[in-house]
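Colleague: My questions all concern the structure below.
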Amino acid sequence: MAQVEKRGGLLRKSSASKKPLKEKVVLMYDEIFMTEDPSKCSPRFWEELFLMKVNLEYLEGKLESLDGEELMKIKDNINCLFQHCIQALGEEHPIRVVNALQTLCALIRGVHQKNKSTSGFDIINMLMGFDKAELCMKNLMESLDSLLCAEGSESLKSLCLKLLLCLVTVTDNISQNTILEYVMINSIFEAILQILSHPPSRREHGYDAVVLLALLVNYRKYEEMIQLLYEFKYMTIYAAQLRLGLEKPKNSSSALSDGTIIKFQCPDQIVVWSVNPYIVKLSIVDDEATLNGMGLVIAQALSEYNRQYKDKEEEHQSGFFSALTNMVGSMFIADAHEKISVQTNEAILLALYEAVHLNRNFITVLAQSHPEMGLVTTPVSPAPTTPVTPLGTTPPSSDDEHRLHSGKLCLIILTCIAEDQYANAFLHDDNMNFRVNLHRMPMRHRKKAADKNLPCRPLVCAVLDLMVEFIVTHMMKEFPMDLYIRCIQVVHKLLCYQKKCRVRLHYTWRELWSALINLLKFLMSNETVLLAKHNIFTLALMIVNLFNMFITYGDTFLPTPSSYDELYYEIIRMHQSFDNLYSMVLRLSTNAGQWKEAASKVTHALVNIRAIINHFNPKIESYAAVNHISQLSEEQVLEVVRANYDTLTLKLQDGLDQYERYSEQHKEAAFFKELVRSISTNVRRNLAFHTLSQEVLLKEFSTIS
């Protein structure tokens, strides 16, 4: 008997005398792609279709194979298929629901793939028809919401999330995906939160839910969503007033109950200004179970990343903040020959950023230790929170620009944390101590030490360690100036909090001072090369002002008087570096060149450091001469310093404890737009055919007759 092979929707007998036979579902698809209504000759057509196993590859490929004119000819049939898919989502028969969900995925992907160059409104018309779009999407979103919130099949929930991710990411720029307007109007935010707050659902679907939420939050995030619904001659004036934040037109109505749409109604116009409801709702979430659930999902994904950098014998860290710091610490390799190929999980970093940036209640999650993230054990049923190839990850690459972008996102997250009052309270709390195993890169001048006796310290110590580690490991040819500026800003903001709240942190400040001085030496050694690309004086000024913070306010936050003495000792010991810096900036500030003003600022900032050096160095030399000592010990130098504080004169410098708060809207919008575009592309790529496979679903429903 001839064997039967299955390929591309064909059932092909091995005998050459027989024509290939098509699957029944493929024949039914072919009928849909005719201009006639397929249900005319077969009244049970749609009912039978959703009992057939979906052939995603054939359906999507068929859509892509048609040109625009051919596609328009069968628009009514596509509209009909889309509507019957939505109707099938309400069926009690789960197989019909499964097939409807997968068919919707194929339809949405296929039509968008074919119509990349057309507007979103054309795609809405092609899928649903303008006249039925609002009702169709309302019914679709309500059905998805019900399936996600029900106690039924976990596989159905997974497929619902896949469909939503498919819907969100069919365009690279999600803000150009006009179908998402309906996802804004018919919110599934509460369904996402329910998944995150319930442990079983979170373990199965938490990752997809968090990625979906992060993407939805970024839909038209930076646009002034003013929709002019009724045009009269004064409309442009009133719209401009709204954009500029001027007085509202007279007779304005109050905001709607959910706070996301505000109407201004005037005799001559109606204007509607809408805000992304996912942004509003995420910012006010205060349910502890939900926030902890989100934190668990993010921490698990970060831990997956960290494991790629750890030896199997190393102790596994389960804390959320440990996972974050390790990820940032291992994001870069300074030596080009030591780069590690990893999948950078930008989607989960974006989710963490949005949670930290928008919701101050989420900050409490940073201090949580999550028991669900203990040592890895073999699960009874393999269902990891983070997929093997997570959605939104970038494939392993040696692309330095991509690494810079990932590192930038990590440092932006730490910036938001460092300037948040609640976050700082947690980070500096002496009663909340943690062991954080920070990834330390092997370098030529140091060996990679596996410290098995990590001290228990407040979390802020881990952040400072991380910033010191970044400073000493990235002095390289392709100098990441932007990241260094952000790194120094994080340290400065932490110091400002310590000064303000008089927190005396028991930290090895000498390591920070040494790292900062070495960074100054690097800038001076590479002056010509760096100045061709960067304004190094901005960074130099920030470093010098960090020292000025310690000099001016150190008595309010350094742990002991001896710490203050050690600061002066370090400045005196490394005086040559400060002298060289002064010579460099003085040279450039006295010339009428490009860097005159920037260099002058550094010159003025060095006044107290130079005063310390010029005051103590002669006294130290005199002490050595009187006592006939060729080289003083540290303790002898400190003795001279302590004896001569009273005669030291310093100038009061204003604004050292002030900083400009982080602002996404104006300064980082371009970065985040490009980041979301990259994530959308990668999510779509990882939503391949096999991720929508029916095999697991059919096994789950195998008892259905």
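Colleague: So which GluC sites (Glu not before Pro) in the stretch 117-198 pass both tests, a DSSP loop state and at most 14 other Cβ atoms within 10 Å of the Cβ?
Modeller: Listed in order of number, the matching sites are Glu151.
Colleague: What is the P(r) of the stretch 495-629, as percent of Cα-Cα pairs per 5 Å bin from 0?
Modeller: Reading the bins upward from 0: 2, 9, 18, 20, 17, 14, 11, 6, 2, 0.
Colleague: Distances over 18 Å make up what percent of all Cα-Cα pairs in the stretch 597-667?
Modeller: In whole percent, the long-distance tail amounts to 58.
Colleague: I would also like to ask the following. Taking θ = phi - 60°, what integer Hz values does the Karplus form 6.51 cos²θ - 1.76 cosθ + 1.60 yield along the stretch 184-194, in sequence order, with x for Gly and Pro?
Modeller: The phi angles translate into 6, 5, 9, 5, 10, 4, 5, 5, 5, 5, 5 Hz.
Colleague: If you don't mind, there's one more thing I want to ask. Filter the trypsin sites (Lys or Arg not before Pro) in the stretch 34-116 to those in DSSP coil with at most 12 other Cβ atoms within 10 Å of their Cβ, and list the result.
Modeller: Passing both the DSSP loop test and the Cβ count: Lys40, Arg44, Lys116.
Colleague: Could you check the spin-label model distance between Ala670 and Leu135? Points 7 Å from the Cα along Cα→Cβ, value in nm.
Modeller: A separation of 4.7 nm, rounded to one decimal place.
Colleague: Tell me, what HN-Hα J-couplings in whole Hz come from the Karplus equation 6.51 cos²θ - 1.76 cosθ + 1.60 at θ = phi - 60° for each residue of the stretch 125-134, using x for Gly and Pro?
Modeller: Karplus values, whole Hz, x for Gly and Pro: 5, 5, 7, 10, x, 4, 5, 10, 4, 4.
Colleague: Per residue Cα convex hull volume for the stretch 62-105, in cubic angstrom?
Modeller: 59
Colleague: So, one more: Scan the stretch 590-679 for trypsin sites (Lys or Arg not before Pro) in coil per DSSP, keeping those whose Cβ has at most 16 other Cβ atoms within 10 Å, and list them by number.
Modeller: Loop-located and lightly packed - Lys651, Arg661.
Colleague: Between their Cα atoms, which of Lys533/Lys673; Lys53/Lys221; Lys499/Lys596; Lys162/Lys221; Lys73/Lys138 are more than 28 Å away from each other?
Modeller: Those over the limit are Lys53/Lys221; Lys499/Lys596.
Colleague: Here's another thing I want to ask about it. Could you give the size of the charge dipole of the stretch 51-208 about its Cα centre, using +1 on the Cβ of each K and R and -1 on the Cβ of each D and E, expressed in debye and rounded to the nearest 20?
Modeller: In total the dipole reaches around 220 debye.
Colleague: OK, next. What FRET efficiency would be calculated for the residue pair Arg685, Met34, taking the C-beta separation as r and a Förster radius of 41 Å, to the nearest 0.05?
Modeller: 0.80
Colleague: How big is the dipole moment of the stretch 154-219 about its Cα centre under a simple scheme where the beta carbon of each Lys and Arg is +1, that of each Asp and Glu is -1, and everything else is neutral? Debye, nearest 20, please.
Modeller: 160
Colleague: While we're on this one: Amide H to amide H, which residues 5 or more places from Lys22 or on other chains are under 5 Å from it, using H placed in the peptide plane?
Modeller: When sequence neighbours closer than 5 places are left aside, the close amide H contacts are Leu11.
Colleague: While we're here: Could you tally the net charge around Asn186, taking each other residue with its Cβ under 12 Å from the Cβ of Asn186, Lys/Arg +1 and Asp/Glu -1?
Modeller: -4
Every read-out reported here was derived from the displayed coordinates using simple, explicitly stated rules and does not represent laboratory data. Everything numeric here is computed off the predicted structure, so don't read it as measured data. Backbone-built Cβ (ideal geometry, glycine too); neighbour counts: all protein chains shown.
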